[in-house]
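The values are calculated or read from the model by the stated rules, or taken from the named source; none is laboratory data. Fair warning: this is a prediction, and the values are worked out from it, not measured in the lab. Every residue, glycine as well, gets a Cβ built from its backbone with ideal geometry; the counts of neighbours run over all protein chains shown. Please note that ligands, DNA and RNA were not included when accessible areas were found on the heavy atoms of the full protein model with its side chains. Shrake-Rupley method; radii C 1.70, N 1.55, O 1.52, S 1.80 Å.
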Amino acid sequence: MKIIAESSTTRTEWALVEGDRVVEHAFTTGLNPFFQTRREISHNIRLELPDAFFRRRWEHVFFYGAGCSGTEKKKIIESSLVAQFKTPVTVESDLLGAARGLLVRQAGLACILGTGSNSCLYNGKEIVKTVAPLGFILGDEGSGAYIGKQLIADILKGLAPKDLSQAFMAKFNVSSNVLMEDVYSASVPSRALSRYSTFLAEHLDNAYAYQLVYNSFMRFFTRNIAAYAYQEQPICFVGSTGILYRDILVRAAADFGVEISKIIPNSLPGLVEYHATE
């Protein structure tokens, strides 16, 4: 039996797997070595995972996570996992997890639209090309954090419709100072920005709200997907933001000249299939 985990900045999904069968399933806080120390990661794993995940040593732990793109960051996660499970561990990026989860062993373009965003060309086993996502400050176009950043900036500058701004402040019971604190002082600001972005899903009949989401997705296509030979590959999406605004994403893709093959909320089912056939 093995453990397979897929983590965004916001949430980690865990599965205890035997063959292609999920024996135990759980969710914990997102684990990202850019924002958390080894001790914080270990603490979250130990306190939030059910006891079933610690009953014995497993065959292997496969972890796919946001922030796990470099050797140094992977080691932070790896050391935390080894300390908790006393089991061989493989740590890979959330992007490779998305590709394997979306396409399993088929080649194509795999894209993440969740708290953050990312994209890659996948050959059925490994990533062969990618465009730097750059995070929510410099990039992450189309993500929840990117959409939330645009929304909050417009609200604070008085550029968003007044009735929409008032509804936003009332829903979250926040002031301008609290919003600034969440963006500039929170330990994981992208998580807060993404949470605020979901407000727009309730107001898509408002032209401003609809256009903000649409423009964010178009920015994702023009600044990321345009770098690939996208006409020659199936293109798939995974993540909460893509699911939440599915219809707008499909429209933006069509306007860009892309037909989306798949939009799913998470990668884990495909990852279970991938590792069952290794």
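If you take the Cα centroid of the range 199-271 and the Cα centroid of the range 34-85, the two points sit 30 Å apart.
Ranked by the mean number of other Cβ atoms within 10 Å of their residues, highest first, the peptides 27-38, 102-113 fall in the order 102-113, 27-38. In the chain, the calculated helix contribution to ellipticity at 222 nm averages -13500 deg cm²/dmol per residue, counting -39,500 (n - 2.57) for every DSSP H run with n ≥ 4.
Relative to the 2.2 N^0.38 Å rule of thumb, the chain has a C-alpha radius of gyration ratio of 1.02. Converting phi to 3J(HN,Hα) with the Karplus coefficients 6.51, -1.76 and 1.60 and the offset θ = phi - 60°, the range 232-246 yields 9, 10, x, 10, 10, 10, 9, x, 5, 5, x, 5, 4, 10, 3 Hz in sequence order, with x at every glycine or proline. Is there a pair in Lys2/Lys129; Lys2/Lys86; Lys74/Lys149 whose C-alpha atoms are over 20 Å apart, and which pairs would that be? Beyond 20 Å between Cα atoms: Lys2/Lys129; Lys74/Lys149. Rounded to the nearest whole Hz, the Karplus-based 3J(HN,Hα) values (6.51 cos²θ - 1.76 cosθ + 1.60, θ = phi - 60°) of the range 130-137 follow the sequence 8, 10, 4, x, 6, x, 6, 7, with x at glycine and proline.
What a 1.4 Å probe finds exposed on the chain is 50% carbon and sulfur by accessible area, rounded to a whole percent. Taking label positions 7 Å along the Cα-Cβ direction at both Val128 and Ala207, the computed distance is 4.5 nm, reported to one decimal.
Remark on Ala160: its backbone amide H falls under 5 Å from those of Ile155, a criterion applied only to residues 5 or more positions apart or on other chains, H modelled at 1.01 Å from N. For the range 1-106, GluC sites (Glu not before Pro) are listed when DSSP marks them as loop and at most 13 other Cβ atoms sit within 10 Å of their Cβ; the list is Glu59. Summary of the geometry: the range 99-117 and the range 143-176, compared by the centres of their Cα atoms, lie 30 Å apart. A simple packing score, the average count of other Cβ atoms within 10 Å per residue, orders the peptides 209-216, 183-190 as 209-216, 183-190, with the highest score first. The overall shape of the range 55-102 is oblate: from the C-alpha gyration tensor, with semi-axes ordered a ≥ b ≥ c, the ratio a/c is 1.5 or greater and a/b is no larger than b/c. The alpha carbons of the range 118-260 stretch over 47, 33, 21 Å along the principal axes, in descending order.
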